[in-house]
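Notes for the one structure printed next.
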Amino acid sequence: MKAVQVVARGRAEFVDVPMPKLLPGHVLVRTRKLSLCRTDIRMLHFAPEDAYPFPAGTTGHEMVGVIEAIDAPGSGLQVGDTALTLAPNHQAMAEYFMAPVEHVIPLPFPLPVEQLLQAQQFGTVLFASQRLPNVQGKTVAVIGQGSAGLFFDYHLRQIGAERVVALDIDAFRLRLSQQFGATHTIHNATVEPGDAIRQVNGGELADVVIEVAGEVSAINLAIDLVRHGGDILFFGYPRGQTIPFNFETLFHKCCHAHTIVGATVEPNQASTHKALDIIVSGRIDVKPLITHRVPFVDVMDAYELHRTRGDECVKIVIEMPEG
């Protein structure tokens with residue numbers, strides 16, 4: 001079968017590899033669609049040097065496919081089911097992928113599968129939000145308005161944040177922010193973001209800051225924007241292993257800082273199921289997120305488009321050949 005493999009920093013190739021051999025408790029899924037996220041770019045460009053080359057299938061982890069074979073009696077899954085397939089090892093950028101049965105979620109069909117696919121990332125946002133304090137009546141700044149940041153905008157308003165302040169260096173992404181719940185937007189490429197936060201928040205910095213971009217500058221900006229005694233959630237995967245970090249400011253602000261990763265450890269994939277239910281119910285419209293559809297043969301171009309945020313891209317869906 002054809003797969004993509006990240007073979008060195010900044011370089012991925014198509015490779016021919018054997019079909020996965022089905023193991024007990026697992027499901028073989030024929031890949032239909034994947035969507036890219038910034039963690040794919042991290043693996044391609046910013047992983048530790050000794051991590052390269054990665055295994056075949058890297059890098060892709062947001063995937064919908066069709067179940068081809070099952071070795072999991074009593075699972076309730078059936079051959080031919082379309083399923084959201086979680087791939088925390090990032091090895092799903094291939095024609096076939098084998099997943100543990102607990103990572104395979106059969107999908108309903110009220111919406112196109114490319115929309116249901118977005119439940120994977122939305123689920124990680126809901127999972128991460130369990131680390132947040134009570135945000136009712138508070139001001140929350142969200143740094144980075146890619147798809148994950150937009151999902152945070154939505155969810156924060158649902159759980160009672162009074163102000164959701166969206167920040168991004170790309171103006172085109174901020175145009176989506178208010179659609180997803182942001183009450184204020186800051187184009188921090190053109191204004192001083194701390195001053196801008198104070199202008200919309202009664203002269204105060206944010207009660208809570210969520211860093212979604214993973215860029216070194218954004219990680220340190222989160223420290224600048226949080227009030228004394230506030231909370232920071234570092235959600236974005238850092239673009240490096242050792243980075244400049246403004247610890248002195250963090251230390252003197254006496255704030256609470258959390259990191260979060262690994263939503264698939266959650267029992268019964270509860271957050272992913274919740275995300276799927278919200279999408280299916282129509283409470284959130286994910287269509288505006290999906291800006292580009294790229295055939296599998298052109299996936300290398302898609303990685304680069306996503307890395308550069310070119311052509312006003314937000315969510316890029318990779319489409320596998322049918323049949």
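The alpha carbon convex hull volume per residue for the chain rounds to 129 Å³. From most to least packed by mean Cβ count within 10 Å, the peptides 21-28, 61-68 give 61-68, 21-28. What net charge is computed for the residues neighbouring residue 63, neighbours being all others with C-beta under 9 Å from the C-beta of residue 63, Lys and Arg scored +1, Asp and Glu -1? Counting the neighbours of residue 63, the net charge comes to +1.
Which peptide among 110-121, 73-84 comes first, and what is the full order, when sorted by highest mean count of other Cβ atoms within 10 Å? Don't skip to the end; give the middle numbers.
Working: 110-121: 20.8, 73-84: 14.0.
With the highest mean Cβ count within 10 Å placed first, the list reads 110-121, 73-84.
Sequentially through region 241-252, phi angles give Karplus couplings (6.51, -1.76, 1.60; θ = phi - 60°) of 8, 10, 10, x, 9, 7, 5, 4, 5, 4, 4, 6 Hz, Gly and Pro residues having no value and appearing as x.
Ranked from largest, the principal axis spans of the Cα set of region 145-184 equal 27, 17, 13 Å.
The C-alpha atoms of region 12-140 occupy a region whose extents along the principal axes are 52, 40, 27 Å, arranged from largest to smallest.
Summarising the amide proton neighbourhood of residue 91: residues at separation of 5 or more, or on other chains, whose placed amide H is nearer than 5 Å comprise 60. When the chain is treated as a Gaussian network with alpha carbon springs shorter than 10 Å, the biggest mean-square fluctuation among 237, 303, 52 belongs to 52.
Sorting 93, 1 by accessible area (1.4 Å probe), largest first, what list results?
Values: 93 0, 1 50 Å².
Result of the area sort, largest leading: 1, 93.
Sum -39500 (n - 2.57) across every DSSP H segment of at least 4 residues in the chain, then divide by the residue count to get the 222 nm mean residue ellipticity, nearest 500. Write down the numbers at each step before the final one.
Details: 10 runs with 88 residues, N = 323.
Calculated mean residue ellipticity at 222 nm is -7500 deg cm²/dmol.
Taking every Cα-Cα distance in region 278-318 and sorting them into 10 Å bins from zero, the calculated P(r) comes out as 29, 43, 23, 5 percent. Remark: the residue 301-residue 246 segment gains 16.3 nm on full extension, using 0.36 nm per residue and subtracting the alpha carbon distance. Near residue 237, no amide H atom lies under 5 Å from its own; only residues 5 or more places off or on other chains count, and H is placed 1.01 Å from N. Across region 173-310, Cα-Cα pairs more than 23 Å apart make up 51 percent of the total.
Scattering from region 115-213 was approximated by placing one identical point on each alpha carbon and applying the Debye formula without solvent; log10 I(q)/I(0) at 0.10, 0.17 1/Å stands at -0.23, -0.67.
Sort 7-17, 282-292, 311-321, 204-214 by packing, meaning the average of other beta carbons within 10 Å per residue, with the highest value first. Intermediate results must be reported in sequence, preceding the final value.
On the way: 7-17: 14.0, 282-292: 16.2, 311-321: 18.9, 204-214: 24.7.
With the highest mean Cβ count within 10 Å placed first, the list reads 204-214, 311-321, 282-292, 7-17.
Work out how much length residue 175 to residue 293 would gain on full extension: take 0.36 nm times their residue separation and subtract the Cα-Cα distance, in nm to one decimal. List each step's numbers first, then the result.
Values: separation 118, 0.36 × 118 = 42.48 nm, distance 2.04 nm.
So the chain would gain 40.4 nm between residue 175 and residue 293.
Could you compute the net charge surrounding residue 111? Neighbours are other residues with a C-beta less than 11 Å from the C-beta of residue 111; K and R count +1, D and E count -1.
Details: positive: 287; negative: 114, 285.
The answer is -1.
May I ask you to derive the FRET efficiency for residue 216 and residue 7 from their Cβ-Cβ distance with R0 = 30 Å, giving the value to the nearest 0.05?
On the way: r = 26 Å, r/R0 = 0.85.
Calculated transfer efficiency: 0.70.
Spacing of the modelled spin labels on residue 283 and residue 68, each 7 Å from Cα toward Cβ, amounts to 3.6 nm.
A 21 angstrom limit on the alpha carbon distance is what I want to check against. Which of 33/287; 138/274; 2/33; 138/315 exceed it? Don't skip to the answer; put the middle values down first.
On the way: 33/287 15 Å; 138/274 24 Å; 2/33 14 Å; 138/315 29 Å.
Over 21 Å Cα-Cα: 138/274; 138/315.
Determine the equivalent ellipsoid of region 227-296 by diagonalising the alpha-carbon gyration tensor, then write out the semi-axes as square roots of 5 times the eigenvalues, largest first, rounded to whole Å. Mind showing how you got there, number by number?
On the way: eigenvalues 213, 67, 42 Å².
They are 33, 18, 15 Å, listed from largest to smallest.
The values are calculated or read from the model by the stated rules, or taken from the named source; none is laboratory data. The model shown is predicted, which means the values in this text are computed figures rather than measured ones. Here Cβ is always computed from backbone atoms with ideal geometry, including for glycine, and neighbour counts include all displayed protein chains. What goes into the accessible areas is simple: the full protein's heavy atoms, side chains included, and nothing from ligands, DNA or RNA. Shrake-Rupley method; radii C 1.70, N 1.55, O 1.52, S 1.80 Å.
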